[in-house]
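Student: Just dropping this structure here.
Just so you know, all these numbers are worked out from the coordinates, no wet-lab data involved. Note that the structure is predicted; figures quoted are calculated from it, not measured. Here the Cβ is made from the backbone with ideal geometry for all residues, glycine too, and neighbour counts use every protein chain on show.
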Amino acid sequence: MINNNPMKYKKAVERPTFPKRAVITAGMPYGNKELHFGHIGGVFVHADIFARFMRDRIGSENVIFVSGTDCYGSPILESYRQAKEANSFSGSIEEYVSFYHEKQKEVLDDYQISLDLFGASAIGKAGEVHKEVSKMVFEDLYNKGYINKMFSEQFYDEKFDVLLNGRQVVGKCPVQGCSSEKAYADECGLGHQYMPNELIDPISVLSGETPELKSIENWYFRLENWTEKLKDYVELLKDKGECRKYLINTVSEFLKKPVIYITKNQMDIFEGVKAKLPEHTVVDEGKNSIVIVFENFELREKSRSILSQNGLKFRTGKALVPFRISGNIEWGVPVPEGEGMTGATFWVWPESLWAPISFTKAYLERTKGSLETVPNAEDQWESWWKSKDSKVFQFIGEDNIYFYSIAESALFMALQNNAPEIDPKEGEFQLPHIIANNHLLFMDKKASSSSNIKPPTALELLDYYTSDQLRMHFISLGLANKGASFKPKKMGDNTFYEGVDMVLKEGNLLTNVLNKLVRSCFYTAQKYYESKIPKGTISLSVIEKSKESILDFESKMYKHDFHRLTDILDDYIRTANKNWVNNIRIVDKDQNEELRSQLLIDSFYSIRVAITLLHSFAPKGCEKIREFMNLNEKVWDWNYIFEDYNAFIEDMEGHCLKFLEPRVDFFTRHYTQFEMLE
């Protein structure tokens with residue numbers, strides 16, 4: 001037996017405090033496509049590993065993991081229009097998104113993504129609940145005076161006599177320094193937001209001609225009015241030290257005063273115009289442009305109009321702009337009617353921000369009454385989104401930081417019942433914790449479904465790798481710090497490089513090292529100890545190494561340093577294997593039965609710790625080891641993390657390991673890799 005005080009052998013370590021409850025969400029894929037490798041490797045694997053860990057850490061009944069298909073919006077509408085035009089799809093738009101929703105769900109299952117609910121914003125019970133939640137949010141914001149009608153310009157194609165949706169217009173992003181390859185009506189491929197009349201060189205995808213701008217009335221949330229609150233929130237995040245620095249830096253870039261950039265070769269024209277501009281400050285940063293700084297969005301907009309009328313070309317800086325709530329496309333969640341506004345639908349971005357609430361609510365309603373599986377199902381969604389005991393963790397890609405870290409934070413503050421607070425009281429909307437990953441590249445180049453470099457689908461990857469191998473590799477790439485490239489050695493007819501396939505590096509820890517260690521222990525126990533683990537005391541050095549790894553693992557998981565987790569696992573498992581390999585040679589040479597017994601005691605303990613740490617990464621293989629060791633499921637419970645394997649045995653005297661046949665693998669290679677070895 002061992003002493004389970006984790007601090008006995010090391011100086012005191014302050015262990016992180018996890019919430020009593022957790023909602024975990026993963027970014028919603030659009031309902032017009034299959035999942036590509038970036039969806040899985042850039043977001044879903046990270047979210048799933050954290051969700052599985054949290055179930056083990058705080059109890060599965062205290063964790064809800066949700067996501068869903070983003071069914072609405074102009075990208076889906078435009079894809080559907082093109083599919084109908086090409087006669088590649090004949091059904092309704094509901095059937096169109098349902099088709100892709102089912103495909104997405106199947107692939108998520110193939111990758112062992114353990115969602116409690118993968119809903120769809122327009123389909124089934126989740127779709128019904130989403131309409132209810134959207135209505136609730138709109139009415140709450142409206143009654144509090146946070147949204148109002150506002151005229152803005154929308155693109156119109158005269159040739160087709162139709163108002164164009166967001167994805168039916170392409171041009172150049174007006175934000176200074178933007179490197180996006182494609183910009184749409186009011187957002188670019190990198191998530192920059194702007195007003196439609198700022199888009200540079202707009203072209204209608206319907207006619208290929210320059211569209212007109214028509215003034216259209218919609219509902220807007222005045223996001224720019226929340227600048228100071230959001231600055232305070234950023235400072236709070238800095239003080240807590242739990243948020244990734246690059247996310248804070250990205251948010252801060254949008255909280256600066258509105259600016260316009262003008263090239264210095266236009267200075268003569270500008271000098272003749274600047275007296276007509278509203279109050280402003282001119283800053284010369286010593287570059288090719290001067291910067292015109294304004295106190296607020298309205299002053300910048302008036303200046304834009306004056307500069308345009310006088311023939312000046314310019315770019316705008318990153319800044320908060322009014323956040324559109326409604327739109328004019330038929331395919332969308334209906335907006336409640338009021339103030340003469342009829343027939344409007346929600347713009348896809350705001351309704352996708354509260355869609356996780358809808359999915360949480362739909363999940364709880366589905367499980368209500370099934371208290372054996374979900375003990376807290378009687379609680380309403382507010383218990384998960386409005387409680388200080390609960391925390392919402394949202395996994396997203398870096399392009400969506402503007403929406404989740406800025407727009408969502410402001411919206412949720414606006415939904416609080418009392419004066420908006422950056423650190424809300426109990427019973428108020430809590431501000432979610434955002435985990436934003438950098439870009440996952442393909443062969444060193446950015447790959448997205450809208451770019452010229454078509455990424456492999458997530459399903460295609462499973463023709464060459466197992467889900468365990470891909471999960472281990474994706475989590476190791478360090479997307480918390482910078483973009484990383486996915487570089488498979490060979491896919492189909494393409495061989496990208498010679499040598500070792502680096503995608504297999506992390507998976508080899510399981511298929512090679514851990515497999516061999518576990519098999520060796522079982523076969524030794526079967527040969528010398530009648531399939532039993534010898535009785536005795538675990539070596540102090542093994543206990544110390546295990547506790548050090550456990551505490552480090554827990555700390556890194558709390559900080560979402562996911563790539564560090566694979567380092568900890570690699571070190572711990574290889575150390576255990578090295579201990580076995582080095583000592584079994586001595587045992588075999590000297591027939592040292594005492595050392596053999598001690599080695600088996602220590603190694604089975606190390607295996608017990610390893611599978612608990614590894615459980616969220618490769619659940620099926622870990623579960624198989626648990627079953628063969630004949631341990632109960634408390635082995636996954638972190639309340640017992642410092643216990644030895646005896647704590648998970650029902651009958652100490654009669655306990656036997658399950659008999660292991662020769663060459664059994666707990667973690668398998670892909671069948672194509674066996675062919676390569678041959």
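Student: Hey, can you rank 318-328, 581-591, 499-509 by average C-beta count inside 10 Å, highest first?
Tutor: Peptide ranking by packing, descending: 318-328, 499-509, 581-591.
Student: Additional query: Taking H as built 1.01 Å from N, whose amide H comes closer than 5 Å to the amide H of Q154, not counting residues under 5 places away?
Tutor: K214, S215, I216
Student: Something else now. Suppose R0 equals 35 Å. What FRET efficiency, 1/(1 + (r/R0)^6) with r the Cβ-Cβ distance, do E128 and T342 give to the nearest 0.05?
Tutor: Values: r = 22 Å, r/R0 = 0.63.
Efficiency for this residue pair is about 0.95.
Student: Please state the charge dipole magnitude for the chain, taken about the Cα centre, from unit charges on C-beta atoms (+1 on K and R, -1 on D and E), reported in debye and rounded to the nearest 20.
Tutor: The dipole of the chain has a size of about 1620 debye.
Student: Using the Kirkwood radius built from alpha carbon pairs, what does the Stokes-Einstein equation give as D for segment 258-315 at 10 °C and 1.306 mPa s, in µm² per second? Kindly include the intermediate steps, with their values, before the conclusion.
Tutor: On the way: Rh = 11.2 Å.
It diffuses with D of about 141 µm²/s by this estimate.
Student: Could you sort out which of K103/K172; K274/K302; K105/K490; K257/K559; K505/K634 sit more than 22 Å apart by Cα distance in this structure? Working shown, then result.
Tutor: Numbers: K103/K172 33 Å; K274/K302 12 Å; K105/K490 26 Å; K257/K559 32 Å; K505/K634 31 Å.
Check vs 22 Å cut-off fails for K103/K172; K105/K490; K257/K559; K505/K634.
Student: Another question, if that's okay. Over segment 507-677, calculate the relative contact order: mean separation of alpha carbon pairs under 8 Å at least 6 apart, over the residue count, as a percent.
Tutor: Taking the mean separation of contacting Cα pairs over the length of segment 507-677, I get 32 percent.
Student: Calculate, in nm to one decimal, what K620 and Y497 gain on full extension: separation in residues at 0.36 nm each, minus their alpha carbon distance.
Tutor: This chain segment gains 41.1 nm when fully extended.
Student: May I pose another question? D for the chain, whole µm²/s, Stokes-Einstein with Kirkwood Rh over alpha-carbon pairs at 37 °C and 0.692 mPa s: what number? Please report the intermediate quantities before stating the final value.
Tutor: On the way: Rh = 27.7 Å.
Estimated via Stokes-Einstein, D reaches 118 µm²/s.
Student: Based on alpha-carbon centroids, what's the gap between segment 71-149 and segment 608-676 in Å, whole number please?
Tutor: A separation of 39 Å, based on Cα centres.
Student: With +1 on each Lys and Arg Cβ and -1 on each Asp and Glu Cβ, and nothing else charged, work out how big the dipole of segment 507-677 is about its Cα centre, in Debye to the nearest 20.
Tutor: Using only the charged Cβ atoms, the result is roughly 460 debye.
Student: Considering only the chain, what is the antiparallel percent among its DSSP beta bridges, to the nearest 5? Before the final figure, lay out the partial values.
Tutor: Values: 39 of 63 bridges.
If I count the DSSP bridges inside the chain, around 60 percent turn out antiparallel.
Student: Along the positive direction of the dipole of segment 71-226 (beta-carbon charges: Lys, Arg +1; Asp, Glu -1; about the Cα centre), which of P202, F118, Q82 reaches farthest?
Tutor: F118
Student: What FRET efficiency comes out for M136 versus E661 if R0 is 56 angstrom and r is the Cβ-Cβ distance? Round to the nearest 0.05.
Tutor: Efficiency for this residue pair is about 0.45.
Student: In addition: Using alpha-carbon positions, what is the distance between the centroids of segment 288-339 and segment 550-604, in Å?
Tutor: Going from one Cα centre to the other spans 59 Å.
Student: Also: I'd like the GluC sites (Glu not before Pro) in segment 309-366 restricted to DSSP loop residues with at most 16 other Cβ atoms within 10 Å, sorted by number.
Tutor: E330, E337, E339
Student: Can you give the relative contact order of the chain as a percent, counting alpha carbon pairs under 8 Å and 6+ residues apart?
Tutor: Values: 1120 pairs, mean separation 108.2, N = 678.
Taking the mean separation of contacting Cα pairs over the length of the chain, I get 16 percent.
Student: Continuing with this model, one more query. Restricting attention to the chain, give the cysteines that have no other cysteine Cβ less than 4.7 angstrom from their Cβ.
Tutor: Lacking a cysteine Cβ partner under 4.7 Å: C71, C243, C521, C622, C656.
Student: Under a straight-distance cross-link criterion of Cα-Cα below 15 Å, which aspartates and glutamates are reachable from K658, leaving out those fewer than 8 residues away in the same chain?
Tutor: E530, E623, E627, E650
Student: Let me ask you something else. Mean 1/r over all different Cα pairs, inverted: what Kirkwood radius does segment 200-264 give, in Å?
Tutor: After inverting the mean inverse Cα-Cα distance, the result is 15.8 Å.
Student: Moving to a separate point now. Taking a cut-off of 18 Å, what percent of all Cα-Cα pairs in segment 152-279 are separated by more than that? List each step's numbers first, then the result.
Tutor: Working: 5409 of 8128 pairs.
In whole percent, the long-distance tail amounts to 67.
Student: Using only the alpha carbons of segment 46-183, what is the convex hull's orientation-averaged projected area in square nanometres?
Tutor: 13.6
Student: Report the one residue of Y605, N579, Y671 whose Cα lies farthest in the direction of the positive end of the charge dipole of segment 507-677 (charges on C-beta: Lys and Arg +1, Asp and Glu -1; origin at the Cα centre).
Tutor: Y671
Student: Let me ask you something else. What is the pair-distance distribution P(r) of segment 507-677, computed from all Cα-Cα distances in 5 Å bins starting at 0, with each bin given as a whole percent?
Tutor: That works out to 1, 8, 17, 22, 22, 15, 8, 5, 1, 0, in percent per bin.
Student: What do you get for the angle between helix 74-85 and the principal long axis of the chain? Use alpha-carbon atoms, 0 to 90 degrees, nearest ten.
Tutor: Helix 74-85 sits roughly 90 degrees off the main axis of the chain.
Student: Tilt of helix 45-58 relative to the longest C-alpha principal axis of the chain, in degrees (0 to 90, nearest 10)?
Tutor: The helix 45-58 is inclined about 60 degrees to the chain.
Student: While we're looking at this one, here's another question. Report the net charge of residues surrounding P322, where surrounding means a beta-carbon distance below 9 angstrom and charges are Lys +1, Arg +1, Asp -1, Glu -1.
Tutor: Spelling it out: positives minus negatives among the neighbours equals +1.
Student: While we're looking at this one, here's another question. Mean separation of Cα pairs under 8 Å and 6+ residues apart, divided by the residue count of segment 174-319: what relative contact order is that in percent?
Tutor: Relative contact order of segment 174-319: 25 percent.
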